[in-house]
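Notes follow once the structure below has been shown.
The values are calculated or read from the model by the stated rules, or taken from the named source; none is laboratory data. The model shown is predicted, which means the values in this text are computed figures rather than measured ones. Here the Cβ positions follow ideal geometry from the backbone for every residue, glycine too, while neighbour counts run over all protein chains shown. These area figures cover heavy atoms from the full protein model, side chains too; ligands, DNA and RNA do not enter into them. Shrake-Rupley method; radii C 1.70, N 1.55, O 1.52, S 1.80 Å.
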Amino acid sequence: MKTNDPFPHRIVCLTEEPTEVLYALGEEDRIVGISGFTVRPPRARREKPKVSAFTSAKLDEILALKPDLVIGFSDIQADIARELIHAGIEVWISNHRSVEGILAYIRRLGAMVGAHEKAEQYAQRAEAHLEKVRAAAAQWPRRPKVYFEEWDEPIITGIRWVAELIGVAGGDDVFPEHSRESLAKYRILADGSEVVERAPDIILGSWCGKRFRPEKVAARPGWDVIPAVRNGDVHEIKSPIILQPGPAALFDGLDAIHAVIANWSSRRT
């Protein structure tokens, strides 16, 4: 870094997406601490101290790192942010929940560290990838109905960026009205029979923090009549590539969803 660089030099990332973006932009030297849930890029776990979970953080360790910027995500980290602000630390909490929001996040974060041009190029790469997948999916004669499950007990449906990526990948989310709700508590299904009624062709699951169990989903009472269950189209999408509102979702997460839908489509031509 230049000695006269006016941008933040000591950044703590409370979630994975700022870490992933900064590494992608070649600005990883600015990071001094990361979330313990970070898996992308893999080298970040080896190179940076882990100082937070998602709803909790090691405040003393963060302060000891003397950060000039702490980056977090959503109202869920409001308490952590408040404590850091009281301690005199500058904090940026993003709250984006859509594909457009992820793209804007990349651009904003790049600008905050003086890497506007690199961030713009990276965002354009993501946009080009989205359009490439969208164009490929447009060639299929039918769009499957897709149910995405974010948690199992209680059953929670997918958030907005997930529903949008399902659309880009060639499917239609069966709970579009729920996807617009930013908070998980408003995406809880009162009764699993609602999924049965919407008869998804594909079920995708990503249970944050634990392995998705297709056989457990298929064994739910009454779910055997769902086309996805009947035809064996119940699949896991790994949570690190879809449940973080960052680049992973736009690249690997989208590709994983697209591959499942492509396989489903290939069996109907």
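Some observations on this one:
- Complete set of residues in the stretch 1-47 that are in contact with a Phe, Trp or Tyr (Cβ under 9 Å, 6 or more places away or on another chain), of a type in the set (Gly, Ala, Ser) and under 20 Å from GLN121 (Cβ atoms): ALA24
- Residue list for the stretch 61-108, filter: under 14 Å from ARG10 (Cβ atoms) and basic (Lys, Arg): LYS66
Let's see how each residue does on (1) assigned to a helix (DSSP H, G or I); (2) touching a Phe, Trp or Tyr at 6+ places or on another chain (Cβ under 7 Å); (3) open to solvent by 20 Å² or more (accessible area, probe 1.4 Å):
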site: CYS208; (1), (2), (3): no, yes, yes
site: GLU215; (1), (2), (3): yes, no, yes
site: ASP252; (1), (2), (3): yes, no, yes
site: ALA256; (1), (2), (3): yes, no, yes
site: SER265; (1), (2), (3): yes, yes, no
site: ARG268; (1), (2), (3): no, no, yes
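- Tallying residues that are without any contact (Cβ under 8 Å) to a residue 24 or more places away in the chain, more than 15 Å from ALA111 (Cα to Cα) and open to solvent by less than 60 Å² (accessible area, probe 1.4 Å) within the stretch 1-36 yields 4.
- Within the stretch 166-196, being farther than 20 Å from GLU153 by Cβ and open to solvent by 20 Å² or more (accessible area, probe 1.4 Å) holds for GLY167, ASP172, ASP173, PRO176, GLU177, ARG180, SER182.
- Qualifying residues in the stretch 37-48 (those that are within 18 Å of PRO245 (Cβ to Cβ) and not β-branched (Val, Ile, Thr)) - the one surrounded by the fewest Cβ atoms within 10 Å (Cβ to Cβ): PRO41
- Scanning the stretch 125-161 for residues that are part of a helix (DSSP H, G or I) and open to solvent by less than 70 Å² (accessible area, probe 1.4 Å) gives ALA126, GLU127, ALA128, HIS129, LEU130, VAL133, ALA135, ALA136, ALA137, TRP161.
- Residue check, LEU69 of a type in the set (A, V, I, L, M), touching a residue at least 60 places away in the same chain (Cβ under 8 Å), farther than 30 Å from GLY167 by Cα and open to solvent by less than 30 Å² (accessible area, probe 1.4 Å): yes
- Taking the conditions (1) more than 24 Å from LYS132 (Cβ to Cβ); (2) out of contact with any Leu (no Cβ under 9 Å at 6 or more places or on another chain) in turn, ARG268 satisfies each one other than (1).
- Here VAL51 qualifies as farther than 25 Å from GLU117 by Cβ and open to solvent by less than 20 Å² (accessible area, probe 1.4 Å).
- The residue of the stretch 230-247 that is nearest to the chain's Cα centre (by Cα), among those that are farther than 16 Å from PHE148 by Cβ and open to solvent by less than 30 Å² (accessible area, probe 1.4 Å), is GLY246.
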